[in-house]
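One structure below.
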Amino acid sequence: MTTTRGLRDREEPITMLTAYDAQTAAVVDEAGIDVVLVGDSMGNTALGYDSTLPVTMADVRSRTAAVARAVEDALVVADMPFLSFGLEEAESVRNAGELLKEADADAVKIESGPHTVETTRRMTEVGIPVMAHLGLTPQHVNRLGGYTRQGTDEEAAAEILDLARAHEEAGAFALVLEHVPSNLAAAVTEALETPTIGIGAGSDCDGQVLVVDDVIGLGEWSPPFSRQFGDVRGEMERAIEGYRDAVESGEFPADEHAHVEEDLEDVYRTNDE
């Protein structure tokens, strides 16, 4: 069973994927993935929003609980949604604790910045494992001006490195680095004992994470730093079109898809009389 402490001691790269429902989580877990992230990316992938911003605590709590019920070995990490942390420390800790206590998450992930160092420290102090997240932080898309690569100049890169060190010192058990130059990710990884997990950050991180829809080929679009390892969307289209055609042609349901109860013959005869 994967633990937050065990991630630090691993020799093999850490594998992490998102999941938002029990069936997907079970498949991900059975495949031997180390960490299942109930990401606020559910806003784009599962809830039909244009961004992660509308995702609520109720959304994350419900879907984390579903994932946790299906997972046996992987570490379940719940993403804290926009405005559920970073405003008032007590409320941030209470919201994070709710995801562990009521949704059975093993840890939380927070999109990090200077304002989350002390929040991370306090959460860790009360027993809530925290995964930090630097680089491209989608909850800040309006401030960043889009989903653009971060840390591309010396000042921005130095800030990410400093924040990574600060969150490690505050107790974060892992750090996601998203959409940053690979040489910056390598420098952060070298500087920390805390394991780094990259997404669009090159191969020098201690592990990798992707959105499961991108990996299985379910969405219509995927970012340039991801890779499709399947074509689930194509399989779904073929299956659904096959069902439609079979119903319209009368091929489905056939006799083998139905049941005749012989004892009901008396009912028919009574109605005929």
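Data table
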read-out: Helix 89-101 vs. the chain, principal-axis angle (Cα, 0 to 90°, nearest 10); value: 40
read-out: Sequence-separation-based contact order of segment 141-243, relative, with Cα cut under 8 Å and 6+ spacing, percent; value: 17
read-out: Rg/Rg_globular for segment 171-258, with Rg_globular taken as 2.2 N^0.38 Å and Rg from C-alpha atoms; value: 1.77
read-out: Mean projected area (nm²) of the alpha-carbon convex hull when segment 1-63 is viewed from all directions; value: 5.1
read-out: Whether the chain is rounded, prolate or oblate, judged on the alpha carbon gyration tensor where a/c under 1.5 counts as rounded; value: prolate
read-out: Volume of the Cα convex hull of segment 125-273, divided per residue and given in Å³; value: 256
read-out: Mean separation of Cα contacts under 8 Å (6+ apart) over length of the chain, as relative contact order %; value: 14
read-out: Accessible surface, per residue, of the chain when the full set of protein chains is kept, probe 1.4 Å, Å²; value: 54
read-out: Separation between Cα centres of segment 36-98 and segment 192-229, rounded to whole Å; value: 19
read-out: Rounded FRET efficiency, nearest 0.05, which uses the C-beta distance separating Tyr147 from Glu89 and R0 of 35 Å; value: 0.75
read-out: Accessible-area composition of the chain, carbon plus sulfur, in percent [1.4 Å probe]; value: 48
read-out: Longest to shortest principal axis, alpha-carbon extents of segment 53-189, angstrom; value: 43, 32, 29
read-out: Residue order for His115, His133, His259, His140 - accessible surface, 1.4 angstrom probe, largest first; value: His259, His115, His140, His133
read-out: Gyration tensor verdict on segment 27-85 (Cα atoms; rounded if a/c is under 1.5, prolate if a/b is larger than b/c, oblate otherwise); value: prolate
read-out: Relative contact order, percent, segment 1-112 [alpha-carbon distance under 8 Å, six or more residues apart]; value: 26
read-out: Given charges at beta-carbon only (K, R positive; D, E negative), |dipole| of segment 45-164 in Debye; value: 320
read-out: Gyration tensor verdict on segment 1-122 (Cα atoms; rounded if a/c is under 1.5, prolate if a/b is larger than b/c, oblate otherwise); value: oblate
read-out: Nearest 10 degrees, 0 to 90: helix 57-70 Cα axis against the chain principal axis; value: 70
read-out: MRE, 222 nm, helices only [DSSP H, n ≥ 4, -39500 (n - 2.57), over the chain, to nearest 500]; value: -12500 deg cm²/dmol
read-out: Positive minus negative residues near Val176 (Lys, Arg vs Asp, Glu; Cβ under 12 Å); value: -3
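The values are calculated or read from the model by the stated rules, or taken from the named source; none is laboratory data. The structure displayed is predicted, hence computed values, not measured ones. Reconstructed Cβ throughout: ideal geometry from the backbone, glycine too, with neighbour counts over all protein chains shown. Heavy atoms of the whole protein, side chains included, go into the accessibility calculation; ligands, DNA and RNA do not. Shrake-Rupley method; radii C 1.70, N 1.55, O 1.52, S 1.80 Å.
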